[in-house]
Amino acid sequence: MKHQIIIGTRGSKLALWQADYIGQRLREEYPGLSVTQKRVTTKGDRILDVPLAKIGGKGLFTKELEEEMLSGDIDLAVHSLKDMPAKVPDGLVIAAVTKRLDPGDALVSNRFSSFEELPKGARVGTSSLRRRAQLLCARPDLEMLDLRGNVNTRLRKLDEGEYDAIVLAVAGLKRLGFADRIRQVLPRDMVLPAVGQGALAIETRADDKETRDMLAFLRDDDTICCTEAERSFLARVEGGCQVPVGVYATAEGDGLNVEAVIASLDGQCFYRGNVKGTRKDAARLGENLAEKLLGEGGAEILKELGLLGGE
């Protein structure tokens, strides 16, 4: 067994919380293990004045960490699973996915207690095309504004009056101790979450069996099954960080239910559906649902956005 583990992490407070959490779990499981961190700045951290949709996909927050792993400078990286591309680079694997925290999206506002209370023309901040599209479907009267920065920065911008409300992941708010800022967890029949939202993924080198074995205790089978279906859906629609799709799977017994949506950016075109099957067919269910929604019209939405190639 290794005596030292180096965790690569971004420098945001949420990323550091995640790295600290996994580091502590490792120390508890392997007394005497030395766990250190190396902070890595990603492209997504450097470019803060441009909407995410204009600067790339999910690799914005993972690429530099993955390069550090492949070069051997770090042993593993802890990501929010929702930030990861559907396909992992050659030479790397997701060694563990942790038990999912609340996967929902939260409305945060200093003036309004619910989405329904927002007045016509209210300024709502989000960095996510997925959230923007689904919220505009429910309320086309809202003014959706881009919102960049870490959780603390986004809350500060709200407090300074730049927005009437902002929408953030419930899990991130809870992990950073901001649960009291949540005014409403948006219902999933209104907004489906991002792939893997609420779960942490631990990525490492494929040939580092020792580290992979040490991480096995962190794996949560239910979350792995559900996110396998979600990531299969994302892979089929060629989804990156900035694609107006939401997908969420739930497992009960041997059964698995997968819900998904593809929506136009203005929320006016909306394709939503679900499939049911067994856990062992998780990947196939996600792919089948993607095919269904693409065939109903979702493909045209993504092609118009330049996010899906021709058949």
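Taken together, the values in this text are just the output of simple stated rules run on the coordinates, not laboratory data. Here the structure is a predicted model, which is why all the values come from computation and not from measurement. Positions of Cβ are generated from backbone atoms using ideal geometry, with glycine treated the same way; all protein chains shown enter the neighbour counts.
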Note to self: I'd like the Karplus ³J(HN,Hα) series for region 187-192: coefficients 6.51, -1.76, 1.60, θ = phi - 60°, whole numbers in Hz, and an x wherever there's a Gly or Pro.
What the structure shows: x, 6, 6, 9, 9, 7
Check: So what's the projected area for the chain, the Cα convex hull averaged over all directions, in nm²?
Finding: 15.7 nm²
Notebook entry, point to check: For region 137-214 and region 252-311, what is the separation of their Cα centres, given in Å?
Noted result: 22 Å
Check: Residue by residue through region 175-185, which ³J(HN,Hα) values in whole Hz follow from phi under the Karplus form 6.51 cos²θ - 1.76 cosθ + 1.60 (θ = phi - 60°), with glycine and proline marked x?
Finding: 5, 9, x, 10, 4, 6, 7, 6, 8, 7, 8
Check: R0 = 41 Å: FRET efficiency of D90 with K303, Cβ-based, nearest 0.05?
Finding: 0.90
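Taking a ≥ b ≥ c as the square roots of the Cα gyration tensor eigenvalues, with a/c under 1.5 meaning rounded and otherwise prolate when a/b beats b/c, else oblate, which class fits region 233-304? Present the calculation step by step, with values, prior to reporting the outcome.
On the way: a/c = 2.24, a/b = 2.09, b/c = 1.07.
Because a/c hits 1.5 or more and a/b exceeds b/c, region 233-304 counts as prolate.
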Margin query: Taking amide H atoms as placed 1.01 Å from N in the peptide plane, list the residues 5 or more away in sequence, or in a different chain, whose amide H sits under 5 Å from that of I74.
Written below: M69
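Place a +1 charge on the Cβ of each Lys and Arg in the chain and a -1 charge on the Cβ of each Asp and Glu, then give the dipole magnitude about the Cα centre in debye, rounded to the nearest 20. Mind showing how you got there, number by number?
Working: 45 positive and 48 negative charges, 112 e Å.
With Lys and Arg at +1 and Asp and Glu at -1, about 540 debye.
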